[in-house]
Each structure stands twice: as C-alpha cells, then as structure tokens.
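Asks: First, the structure itself, so that you have it in front of you.
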Amino acid sequence: MSEALAHLVGQSVADIDTPALVVDLDAMQRNLTRMAEFARKHNVRWRPHAKMHKSAALARLQIQAGAVGVCVQKTAEAQAMVDGGVHDVYISNEVIAPKKLARVAELAHRLDAQRGRMAIAVDSIEGINRLAQAMSDANARHGADARIDVFVEIDVGQGRCGVQPGPQALELAQAVAGHSALHFAGLQAYHGKAQHLRSPRERRDAIAVATDDVRFTRKLIEEQGIAVDLVTGAGTGAMVCEAASGMYGELQAGSFMFMDADYAANERDPAQPVFEHALFIKTQVISQSADHAVCDAGHKSHAIDSGMPRVLTQEAGNELDYFNGGDEHGILRPSVSGGRIPTIGRMMWLIPGHCDPTVNLHDFMIGVTGGLREGVVERIIRVDARGALT
Ligand SMILES: Cc1ncc(COP(=O)(O)O)c(C=O)c1O
C-alpha cells in the first residue's frame with residue numbers, strides 16, 4: 001500500500017485529499033452480488049473483464065463471489081493478475097509479437113503448475129502458428145507439456161478483431177486442434193458496439209444477429225468433429241441478451257462493477273440487474289465566479305473519451321454540469337439558470353464517463369464504506385496493472 005495513503009485507512013471520507021479516485025465498496029459489493037445472482041439464474045459462467053479495475057485484489061474478490069476467473073486484454077495485465085494470485089486468466093485479445101507470446105507461454109506454465117488455466121484468443125493462422133511455437137519452446141525449456149486454451153474470435157458486428165463467422169472460423173479451429181500444446185476451447189464472439197446502443201430493442205436486435213452467427217459457426221465446426229465447449233463474450237450493456245441466447249456460456253462484462261456515466265445513459269433492459277455507480281472522483285472547488293465554479297479534477301483525473309463526467313447531485317433541484325476545463329480543471333455550471341454556484345472549498349463527486357481508462361490514470365483507488373457523505377476509508381486498492389499496455 002502506498003505509504004502516502006496508508007494513513008487514510010480508518011479516517012473519514014472528508015479527510016481524502018483531492019482529486020482522488022474513490023470506490024464506494026458497499027455499492028461495488030451490491031453490484032457483484034447482483035451479477036452473481038444474475039449468472040446463477042441464467043446458468044452462465046461469468047468472467048469479468050479485469051481491464052476495467054486492473055486490480056488483482058478486486059479480481060480475487062470477483063472470483064470469491066463466483067466468477068470463474070478474469071479476462072484481460074494485454075499480456076502485461078495477465079502477468080499482473082497472475083502475480084497477484086489469480087489462477088484463471090483469459091487474454092480476450094490477439095497477441096502476435098513473439099516476445100509477448102513467450103511471456104504468455106511462461107504464464108501458461110506457471111498456471112499449469114498451480115492447476116490454474118491460461119487462455120487466449122486468436123483470429124489468424126499466423127497467430128496460431130506463433131502461439132504454438134511459443135508454447136512448444138516453453139515446453140522444451142521446462143521439460144513439461146503445458147497446454148493453453150485457445151478461443152477463435154469471430155467478428156459478430158464490432159468490426160474490430162475476429163474472422164468472419166463460418167468457414168474461416170472452422171479453418172482456424174482445425175488449425176488450433178492440430179497443435180498438441182493448444183486446446184481449442186471454443187469461440188469468442190464479443191460485440192462491443194452493441195453494448196452501447198441506447199435502447200434495449202437495438203441491443204436485442206444486434207445480439208440476435210450475433211447469436212445467429214455463433215449458432216451457424218458452431219454447427220459448422222461441430223459437424224467436423226471438433227467440440228465447441230464454450231462461447232464467450234458480452235459486456236455490461238447487452239449481457240442480458242447474450243445470457244438469454246442459449247448460445248453464450250460465459251459473460252465477460254466488466255464495467256458493471258463500477259458503472260460509469262456512459263453505461264448509465266443506456267436505457268435499462270428490464271431484465272438487467274440494477275447496477276449502481278461505485279467509482280467516483282472526489283474533487284474540490286478551487287475558484288468561483290459569477291456564473292461558474294472550477295474544481296481541481298480535469299482529464300488527468302478521469303478519461304473523457306466517452307464524454308464528460310457527471311456531477312453527483314448532492315441537493316435535489318441544484319444539479320450541476322461539468323465542462324472540460326483542461327487537464328487539471330473542471331468547470332461546473334448550474335444545469336438550470338438561477339441555480340447555485342458551489343462555493344470555494346466545497347467537495348464534489350464526479351461519476352466518470354468511462355471507468356476503464358479512468359482507473360488507468362491512478363496508482364490507487366481509495367475504498368470507502370458507509371457512503372460518500374459519512375463514510376470511512378476501509379482499504380487502499382492498488383491498480384496493479386496500471387499502464388500495463390504491452
Ligand atoms: C473483449 C471484451 N470483452 C468484454 C469487455 C467488457 O465490457 P464492459 O466493461 O463494457 O462490460 C470488453 C470491453 O471493452 C472487451 O473488449
């Protein structure tokens with residue numbers, strides 16, 4: 001734990017200096033419980049995306065709550081998770097550089113020795129051959145036959161990684177099955193764009209198409225005698241659709257645990273659990289003028305790729321809007337004319353637009369219980385994989 005922050009544990013929320021990244025641990029725990037209940041009810045596994053919180057301690061908490069393991073996007077994130085005691089890690093992304101693949105293979109060995117599991121996504125023959133080479137080199141180095149689970153990624157509408165559903169995916173599944181150190185574990189079918197479609201109907205329509213793609217591809221592969229044990233995908237926005245599809249066996253949603261302002265702008269599907277905001281920037285008003293106030297949190301404190309943060313309303317009828325004031329400042333204006341301007345020294349809470357890149361801006365998260373008004377600091381959570389981009 002950071003020496004500079006250790007003294008905060010047990011102190012009041014009021015003692016947290018600004019700007020600071022604060023987790024409402026009670027809200028986070030409720031989100032976790034709701035997710036676990038949802039997955040149980042729908043008989044699907046959940047493997048939350050740890051690129052969101054980047055913390056091994058929070059990953060372990062998720063596993064305690066029933067998650068089968070975590071997803072990560074980068075090899076360095078996987079290393080941070082394994083170093084932090086997480087035994088089941090899936091890189092839901094393509095890794096191509098041989099040096100990185102050597103690190104992936106080492107992780108597969110470490111987890112194999114712990115009876116854990118390492119998995120990765122592929123979308124090319126080149127990628128499969130490189131992975132197989134890295135695994136075979138590592139097996140020779142260790143004198144042991146570790147295997148890695150491999151998911152063939154299909155593009156179900158995002159237009160990012162993944163081969164087209166159908167014969168191309170079959171070709172890759174056959175290539176994976178042809179390497180002894182690789183185990184074909186199934187399909188990855190993540191539709192990132194669908195997660196942020198605002199209406200439940202649009203999300204349902206998009207995932208219905210994705211599900212058809214999965215069904216067709218799965219049948220094609222199984223007809224060739226290769227079992228498709230699992231289809232993995234889904235994010236916070238549309239996960240109710242993937243869960244109800246009968247095709248997806250594992251949900252990768254990550255943001256549900258912190259819930260950012262962008263996801264809160266989705267119209268909630270009635271089937272979706274109610275997820276609460278649990279991640280905040282505590283900030284303080286440092287300047288006031290006739291028509292606005294200025295707070296000490298700019299875009300070095302929170303990411304703005306998905307829009308400006310929302311200001312948590314402390315007084316009904318006196319809402320404030322946040323405007324970009326640069327990297328170290330935020331401009332606060334009343335949402336309606338005649339509204340009160342917050343005074344110098346006033347503490348405010350911002351709900352970040354996008355939780356993942358916001359977390360990545362901080363070394364530590366300050367976990368509080370008992371609410372943002374009267375609560376106390378319970379723990380300091382290290383962002384283990386901060387900046388883990390390689
Ligand atoms: C492959 C993959 N799976 C799952 C997720 C998790 O989505 P979310 O954090 O929006 O729930 C993401 C997020 O970008 C992703 O890229």
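Asks: Restricting attention to segment 261-276, and to residues there that are of a type outside the set (A, V, I, L, M, F, W, C) and out of contact with any Gly (no Cβ under 6 Å at 6 or more places or on another chain), which single residue is surrounded by the fewest Cβ atoms within 10 Å (Cβ to Cβ)?
Replies: Ranking the candidates gives Pro270 first.
Asks: Give just the number: which of (1) in contact (Cβ under 8 Å) with a residue 24 or more places away in the chain; (2) not in a helix (DSSP H, G or I) does Asp17 not satisfy?
Replies: Failing condition for Asp17: (1).
Asks: With the checklist (1) under 25 Å from the mean Cα position of the chain (by Cα); (2) on the phi < 0 side of the Ramachandran plot in hand, flag the one item Glu126 doesn't pass.
Replies: Of the numbered conditions (1) under 25 Å from the mean Cα position of the chain (by Cα); (2) on the phi < 0 side of the Ramachandran plot, the odd one out for Glu126 is (1).
Asks: Could I ask something else about it? Could you tell me whether any residue of segment 282-305 is more than 30 Å from Gly325 (Cα to Cα), within 16 Å of the ligand (Cβ to nearest atom) and in contact with a helix residue (DSSP H, G or I) (Cβ under 8 Å, 6 or more places away or on another chain)? Talk me through it step by step, then tell me what you get.
Replies: Applying the first criterion (more than 30 Å from Gly325 (Cα to Cα)) to segment 282-305 yields none.
No - not one qualifying residue is present in segment 282-305.
Asks: So for segment 257-265 (the condition being under 14 Å from His329 (Cα atoms) and either among the hydroxyl-bearing types (Ser, Thr, Tyr) or in contact with a helix residue (DSSP H, G or I) (Cβ under 7 Å, 6 or more places away or on another chain) (or both)), does at least one residue qualify?
Replies: No, segment 257-265 contains no residue that is under 14 Å from His329 (Cα atoms) and either among the hydroxyl-bearing types (Ser, Thr, Tyr) or in contact with a helix residue (DSSP H, G or I) (Cβ under 7 Å, 6 or more places away or on another chain) (or both).
Asks: Identify the single condition in (1) surrounded by 23 or more Cβ atoms within 10 Å (Cβ to Cβ); (2) more than 14 Å from the ligand (Cβ to nearest atom); (3) touching a residue at least 40 places away in the same chain (Cβ under 8 Å) that Tyr322 does not satisfy, given that it satisfies every other one.
Replies: All conditions pass for Tyr322, except number (3).
Asks: Could you pull out the residue among Ile154, Ile96, Ile125 that is among the hydrophobic types (A, V, I, L, M, F, W, C), buried (at least 18 other Cβ atoms within 10 Å of the Cβ), farther than 20 Å from Gly69 by Cβ and in contact with an Asp or Glu (Cβ under 8 Å, 6 or more places away or on another chain)?
Replies: Numbers: Ile96 fails: buried (at least 18 other Cβ atoms within 10 Å of the Cβ); Ile125 fails: buried (at least 18 other Cβ atoms within 10 Å of the Cβ).
Going through Ile154, Ile96, Ile125 in turn, just one is among the hydrophobic types (A, V, I, L, M, F, W, C), buried (at least 18 other Cβ atoms within 10 Å of the Cβ), farther than 20 Å from Gly69 by Cβ and in contact with an Asp or Glu (Cβ under 8 Å, 6 or more places away or on another chain): Ile154.
Asks: A further question on this structure: Return a yes/no flag: does segment 262-271 have any residue that is assigned to a loop (DSSP other than H, G, I, E, B), under 18 Å from the mean Cα position of the chain (by Cα) and not small (Gly, Ala, Ser). Show your work before the answer.
Replies: Here is the first cut: in segment 262-271, the residues assigned to a loop (DSSP other than H, G, I, E, B) are 265-271.
Pick out the ones that are also under 18 Å from the mean Cα position of the chain (by Cα) and you get 265-266.
Adding the requirement that they be not small (Gly, Ala, Ser) leaves 266.
Yes, the conditions are met somewhere in segment 262-271.
Asks: Here are some residues: Thr313, Thr283. Which one is within 14 Å of Leu350 (Cα to Cα) and in a loop (DSSP other than H, G, I, E, B)? Explain how you work it out, then say what you get.
Replies: Working: Thr283 fails: in a loop (DSSP other than H, G, I, E, B).
The unique qualifying residue is Thr313.
Asks: Quick test of your reading of the structure: Lys300 fulfils all but one of (1) of a type outside the set (Phe, Trp, Tyr); (2) over 23 Å from Ile380 (Cα atoms); (3) surrounded by fewer than 14 Cβ atoms within 10 Å (Cβ to Cβ). Name the failing condition by number.
Replies: So the condition that Lys300 fails would be (2).
Asks: Also, I was wondering about something else. Looking at (1) free of Cβ contacts under 8 Å to residues at least 40 places away in the same chain; (2) closer than 30 Å to Ile381 by Cα, find the lone condition where Asn266 falls short.
Replies: Every condition holds for Asn266 apart from (1).
Asks: Give all pairs with beta carbons closer than 7 Å in which a residue from segment 64-87 that is in contact (Cβ under 8 Å) with a residue 40 or more places away in the chain and under 21 Å from Gln188 (Cα atoms) meets a residue that is among the hydroxyl-bearing types (Ser, Thr, Tyr) and within 16 Å of the ligand (Cβ to nearest atom); count only pairs at least 6 apart in sequence or on separate chains.
Replies: Gly69/Tyr90; Cys71/Tyr90; Cys71/Ser92
Asks: Next question. Can you name the residue in segment 213-246 that is charged (D, E, K, R) and not in a loop (DSSP other than H, G, I, E, B) and, of all such residues, is farthest from the ligand (Cβ to nearest atom)?
Replies: If we take residues in segment 213-246 being charged (D, E, K, R) and not in a loop (DSSP other than H, G, I, E, B), then Glu223 is farthest from the ligand (Cβ to nearest atom).
Asks: Please go through segment 1-18 and pick out each residue that is at pLDDT 95 or above, in contact with a Lys or Arg (Cβ under 8 Å, 6 or more places away or on another chain) and either of a type in the set (D, E, K, R) or within 19 Å of Ser55 (Cβ to Cβ) (or both).
Replies: The answer is Val9, Ile16.
Asks: What are the residues in segment 80-112 that are acidic (Asp, Glu) and closer than 27 Å to Ala253 by Cβ, if any? Outline the logic, then answer.
Replies: Residues of segment 80-112 that are acidic (Asp, Glu), as a first pass: 83, 88, 94, 106, 112.
The answer is Asp83, Asp88, Glu94.
Asks: To continue, here is another question. Counting only residues that are closer than 28 Å to Ser301 by Cα and out of contact with any helix residue (DSSP H, G or I) (no Cβ under 6 Å at 6 or more places or on another chain), how many does segment 234-256 have?
Replies: So the count comes out to 2.
Asks: Six or more apart or on different chains, Cβ atoms under 8 Å: show the pairs whose first residue is in segment 106-127 and free of Cβ contacts under 8 Å to residues at least 60 places away in the same chain and whose second is of a type in the set (Phe, Trp, Tyr).
Replies: Once the first residue is free of Cβ contacts under 8 Å to residues at least 60 places away in the same chain and sits in segment 106-127, its partners that are of a type in the set (Phe, Trp, Tyr) give Met118/Tyr90; Ile120/Tyr90; Ile120/Phe151; Val122/Phe151.
The values are calculated or read from the model by the stated rules, or taken from the named source; none is laboratory data. Keep in mind that what you see is a predicted model, and the values were worked out from it rather than measured. Cβ sites come from the backbone with ideal geometry, for glycine too, and all protein chains shown count toward neighbours.
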